[in-house]
Amino acid sequence: MLWLASAACDDSDLPAVVREDTNESLQQLAVAATERLEALESYRYTTTLEVTIPEATDELGAASAATTVTGEAIPPDHWRQVATSSVGAISAEEELISLPDGNFIRRGDSYTEGQGELNTSLLSVPSLWSTVEAFSVLLPDDPERENATVGDDLAVHYTVDNIRLLQAKDFTLRLFGAVESADDLPDRYRVELWFSSEGGILLQLLISGERIDGQGRPNTFRLESTISDIGEDFEIELD
């Protein structure tokens, strides 16, 4: 079963000191995100990207677009996901499998080698966790943090505001084709990261931002991704 769950909890239910057994800074945790992900036996994940750009109505025929992904992975090089992308009332779905000998897309009852047409591999957890590693240099060493849970796992929730990220516009352009209107998205974002209290594994990522345009309309970007079901037994192969 695929699920997405993250909730702040009463600090009285959690240890009074977060991650007291480590001296790792947030930057160090982010740099290690991919390495620790690949050390897991398996996991499932969900990713949701939602974008609103009023000016895109002329370019795309709609002011909003979204992609939802459900997937599973056996590190370091097996993952499978189903993604549904929509622009306004138009939607499309694709299933991708990544194996050591290549990437494959389902076409009918069989698979064809390739990346697919929707660029949804950008929203796989291996890709997103690599993105976190890439912008780790922008993260402060000791940001705001609090105890939290992600599913049944104790975690530390870090929040960093006003981070300049180019990835948001790049994702919007590549996933939805918003060549011109993507420039209306904000330049700076809030980045939230949930790391497991034990092991420092990145469990959840949330990037959000809003920019009000000259006509008073909000342009928004929201990307959320969570891993779950760590260590469950399943196989990833071509049917």
### Query
Out of (1) part of a strand (DSSP E or B); (2) crowded, with 17+ Cβ neighbours inside 10 Å, what's the single condition that is false for Thr34?
(1)
#### Entry: Criterion violated by Arg222 - all others in (1) modelled with pLDDT of 95 or more; (2) touching a Phe, Trp or Tyr at 6+ places or on another chain (Cβ under 9 Å); (3) basic (Lys, Arg) satisfied
(2)
### Query
Quick one: in region 71-108, which of the residues that are free of Cβ contacts under 8 Å to residues at least 12 places away in the same chain and more than 23 Å from Thr52 (Cα to Cα) is surrounded by the most Cβ atoms within 10 Å (Cβ to Cβ)?
Ile105
### Message
Among (1) in a helix (DSSP H, G or I); (2) of a type in the set (A, V, I, L, M); (3) in contact (Cβ under 8 Å) with a residue 12 or more places away in the chain, there is one condition Leu173 misses while meeting the rest; what is its number?
### Response
(3)
### Residue that is most open to solvent (accessible area, probe 1.4 Å) [pool: residues in region 210-235 that are within 19 Å of Leu122 (Cα to Cα) and not hydroxyl-bearing (Ser, Thr, Tyr)]
Arg222
### Query
Which one of these is touching a helix residue (DSSP H, G or I) at 6+ places or on another chain (Cβ under 8 Å) and part of a helix (DSSP H, G or I): Leu118, Leu122, Leu96?
Leu122
### Task
State yes or no: is Leu138 within 25 Å of Thr84 (Cα to Cα) and either touching a residue at least 12 places away in the same chain (Cβ under 8 Å) or surrounded by fewer than 22 Cβ atoms within 10 Å (Cβ to Cβ) (or both)?
no
#### Entry: Conditions (1) crowded, with 21+ Cβ neighbours inside 10 Å; (2) assigned to a loop (DSSP other than H, G, I, E, B); (3) among the aliphatic types (A, V, I, L, M): number failed by Leu203
(2)
### Summary
If you go through Ala65, Ala5, the only one that is assigned to a loop (DSSP other than H, G, I, E, B) and either at pLDDT below 95 or in contact with a Lys or Arg (Cβ under 9 Å, 6 or more places away or on another chain) (or both) is Ala5
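The values are calculated or read from the model by the stated rules, or taken from the named source; none is laboratory data. Bear in mind the structure is a predicted one, so any value in this text is a computation, not a measurement. Don't worry about glycine lacking a Cβ; one is built from the backbone with ideal geometry, like all the others, and counts go over all protein chains shown. Just so you know, the surface numbers come from the protein's heavy atoms only, side chains and all, with ligands and any DNA or RNA stripped out. Shrake-Rupley method; radii C 1.70, N 1.55, O 1.52, S 1.80 Å.
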